[in-house]
Each structure stands twice: as structure tokens, then as C-alpha cells.
Amino acid sequence: MSKKLRLLVLVMVLSLAVMVGCAGNNNNEEAGDSANNNNMANENNENNENGETATDSNYPEQNIQLIVPYSAGGGGDTVARILADALSDELDQQITVVNRDGAGGEIGIAEMAASDPDGYTLGVFGYPDNLILEKTGNTDFTFDSFEYLAAFDDVAHALFIGPGSEFEDVEDVVEYAKENPGSLTIGESGALGLLKILAFESEAGIDVTPVSYDGGGELINGLLGDHIEVASSSITAADQVVGAGGKPLGYAASERIEMFSEYPTLNEQGYDLELGVARVLVAPEGLPEDVKEVLTTALDNLGNSEELQKSFEEAVLPYRYLDNESLTEYLNNSNSVLNPLIDDNMDDFTGGN
């Protein structure tokens, strides 16, 4: 597995090096049927070439709902609230964050996919949660159920211990797990967290018991409350964990991130693990082209601004903006590597069923 994980990182790094400097050009896609909105002025509607009604160009004319498939307090929720505040100002409409946690993100992501593609329901989730859920379960959505509008961060996953832990470092954890197969509990709050646990098991040659939580906030509370022995979460939880007396054992990056340079990577401790999450802003598939243009233009204005970057840095979130076109290419490249990796570990995700 470690060779596949190295390949994953290589592909992601190479693709990002090419894409980050690209401008955000909108893809020319044929607009689907627009949703009727009672608040829109009918006299401004036009007929497109297929005789269908095009969406009013005055979008947005009402409040927007932003669904987060995780509980409040985690990294994904934090990203959503930063974006909601900034995008509300940019679009001059109120954007309300709604937490729909449960089933490792599946409940909220399914609700996003089933929403009307009118621009008044958007979503934020951590890729590749949606891809892993789709491939390992019976979901009501697929990867193609969404229009991927932009991404805003690139966060490495880490292993944490809580206050009063009997462990001092990764070697202590590995030694205990080898002596007590299946006894060590490692919590996770999403499909990527589980993938990292499986990768850690393979790399260290151990057998542990994963414990699932509905969001990053609940996961860290479980760790700090001694309900689990180790947590698999993003490195951005470091301040909260350290402030409560715990610490990161290491994070899965190729080298130390400047924002977290005081903590070691797992690589430098002899474990070849590099995995991270990218929070993406999405709309349901079928978003009308004129609505998409309004959103992507607003997101480009925000994404390239120092103000939004500062907001992420203040929230201790490593910032990386990808526009609609760059994000689409990044996701396609990542999927080509992740799909076989997930397939090779299907029994671990499904419990052998």
C-alpha cells in the first residue's frame, strides 16, 4: 500500500504544480432545466435553443443554504462558515450554514445531491469523502452528482493522543498494537480518516479497531474524553488537542508544513504515509450556466483575495485556492489514483461483506 500512497502524492503534487497558476475559466456546458423560483421576475426569463426556460440573470434573489455533512466544530464546518460569511458579502445575500451530519458524511452529501440545482442550495465537504462513500456503500449519489465550483485548503491528516495517554510517540502506539491485536481504538470522522487508519495499519504491520464519529468536533471530544486512544483527524486540530493536554504523534505529509512545523511528520518517523483532505464547494448537478457564472466569478474574487486567505490562516487552515477549471482537473487526476487504491482495500471498508 505504501507504494500506492507515494504514487497518489506524486500525482497530486505534479497536478497541483501545473494547475495552481491557472486562471479560473468557466467550462462551456449546456445548461439543464432551470428551477422555477417564486421570487424571480417571470418577465426576465428567456427561452434557450431547446425551448426550455433559462434562469433569471438576477440570481441570487433570496437566501442561500450551505449544507455541511459534518457536526459543528470540525474543520469542514469551520471552512463552511468562513465561506458563508465571505460569500454572503460578495453576493449580497444571506448564506446560512446547515449541519446535516451522520453516516460519515453520507447523509449530508446525499441531501446536497438531491437538492434543486437552482443555486440556492450549495454544499461543502472534504474530498475524497464522497468518492470513498460512493465506492464502498450503496449511496444515493455518485461523483458526478455535483458541480465542483472551487476548493480552498489542502490539509494533511494526523494521529493524535489525548491528555493522560500512556503513549509518548508513534513507536509506543505501534508496540502496544502489536502486543494487543485489535485492542487499540483509533477514531475517525470520515472516509479519508478511515483510509488513513487502514494505511497506518498496513505500513506499521498492526491490527487496530476503527471507531466512527459524525464530525471532527465530535471526534476530538471523544479523544479528549478518553473514549478512544488515538484520533485520526486533520492536523488543524492540533491547537485544540495540545491546549487540552494532548499532542499530535505525527501527520501524513511529505515534509513539515510551515504552519505546523513544530510537529513531526509520520514520514520522518519511518512511516511512509501522505494523505490529506481538500474542502470543496459544490452545487447539485445541472446548475444553470448563468448561475454557475455568477458563483464562480464571486468565488474567484474571494479566492484570490488576501482577506479570505487571512481568514483561513487565522483559523489555522493551510490555504490553497483552486478555481472551477483547475479543481475539475485536479479531481479527475486524483480519482484515477484513488479508485484502484480503494478497490484494493474494499474488504476493510465494508467489513468483508
Distance from the Cα centre of the stretch 290-309 to that of the stretch 170-192, in angstrom? 41 Å
Beta carbons within 10 angstrom, averaged per residue: use that to sort the peptides 257-270, 66-79, highest first. 66-79, 257-270
Fully extended contour minus Cα-Cα distance, from N180 to A114, at 0.36 nm per residue: 19.3 nm
Roughly how many percent of the accessible protein surface of the stretch 72-161 is carbon and sulfur, given a 1.4 Å probe and a whole-percent answer? 38 percent
Tell me the per residue accessible area of the stretch 113-268 using a 1.4 Å probe; a whole number in Å² is fine. 35 Å²
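Which entries of K178/K247; K135/K247; K196/K292 show an alpha-carbon separation above 28 angstrom in the structure shown?
K135/K247; K196/K292
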Descending semi-axes in whole angstrom, ellipsoid equivalent of the stretch 219-349, from the Cα gyration tensor: 31, 21, 15
The stretch 141-220: GluC sites (Glu not before Pro) falling in loop per DSSP and having at most 10 other Cβ within 10 Å: E166
For the stretch 193-303, what % of the accessible area comes from carbon and sulfur atoms, probe 1.4 Å? 44 percent
Radius 13 Å from Cβ of L83, net charge of other residues (Lys, Arg +1; Asp, Glu -1): -4
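The values are calculated or read from the model by the stated rules, or taken from the named source; none is laboratory data. Given the structure is predicted, the values throughout are model-derived calculations rather than measurements. Quick reminder, even Gly has a Cβ in these numbers, built from the backbone with ideal geometry, and neighbours come from all protein chains shown. For the accessible areas, the whole protein counts, side chains as well, though only heavy atoms, and no ligand, DNA or RNA atoms are used. Shrake-Rupley method; radii C 1.70, N 1.55, O 1.52, S 1.80 Å.
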